[in-house]
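The next block holds one structure in the form of structure tokens; read it before the comments.
The values are calculated or read from the model by the stated rules, or taken from the named source; none is laboratory data. These numbers were taken from a predicted model, which means no experiment stands behind them. Virtual Cβ from ideal backbone geometry, glycine too; neighbours counted across all protein chains shown. Side chains are part of the model used for accessible areas, which takes the heavy atoms of the whole protein and leaves out ligands, DNA and RNA. Shrake-Rupley method; radii C 1.70, N 1.55, O 1.52, S 1.80 Å.
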Amino acid sequence: MSTAVQMRTRDPRIILNALQQRLPHLVADVGVDDLWEREVQLLLRDSVAVRSLAERILGQGIAYLITAMENPGVDMGVGYTVDIGVHQIILDTPLYFAFCDQYNGGTYKHHAPLIERRRDGTVMRTAELLRRNGFDVDDELWSVDASDCSPCDNKAPDSH
């Protein structure tokens, strides 16, 4: 007899919206139902022209940040496209602090990017790490920048 094993994937939208209770200082925007919608609208306002793409980028950025926080010291990096989603969360500082509180033991996780990009396969290795960490990976978004990683300086304490 075989037993089917069903693995649930972690949903970035649910994860993001669950942080609402940790955000006493976030200004509520009129007409925005939840944190996911807020961040998608900010991406559409500032950097991404298509809603479906903004949602994909945001989801992968959330998956990356959580995986980086849950795997300290692991060499990781994203390409330009996914980095847009990472930066969206980091720039919304009350939200980023809530991420750090929830997923990094309450300690701020630094973002210390290097100027020189790496071309050593880090992007695709990172995508695989996200998959092993329970997230669906948008292979198209990761492979578009596969040879162009934007790494962080490992000399900055607890950085990604």
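Residues in segment 58-75 that are within 17 Å of MET124 (Cα to Cα), at pLDDT 90 or above and over 9 Å from the mean Cα position of the chain (by Cα): ASN71, VAL74.
Taking segment 74-100 as the range and being touching a helix residue (DSSP H, G or I) at 6+ places or on another chain (Cβ under 6 Å) and open to solvent by 10 Å² or more (accessible area, probe 1.4 Å) as the test, the residues that pass are MET76, THR81, ILE84, GLN88, ILE90. Remark: pairs (first residue in segment 89-104, of a type in the set (A, V, I, L, M); second residue assigned to a helix (DSSP H, G or I) and open to solvent by 10 Å² or more (accessible area, probe 1.4 Å); Cβ separation under 8 Å; 6+ apart in sequence or on different chains) = ALA98/ARG22.
Restricting the first member to segment 20-35 and to residues that are among the polar types (S, T, N, Q), and the second to residues that are surrounded by 14 or more Cβ atoms within 10 Å (Cβ to Cβ) and at pLDDT 85 or above, the beta-carbon pairs closer than 9 Å and six or more apart or on different chains are GLN20/LEU35; GLN20/ALA98; GLN21/ALA98. Which of the residues that make up segment 127-160 are in contact with a helix residue (DSSP H, G or I) (Cβ under 6 Å, 6 or more places away or on another chain), modelled with pLDDT of 95 or more and part of a loop (DSSP other than H, G, I, E, B)? Those that are in contact with a helix residue (DSSP H, G or I) (Cβ under 6 Å, 6 or more places away or on another chain), modelled with pLDDT of 95 or more and part of a loop (DSSP other than H, G, I, E, B): ASN133, VAL137, ASP138.
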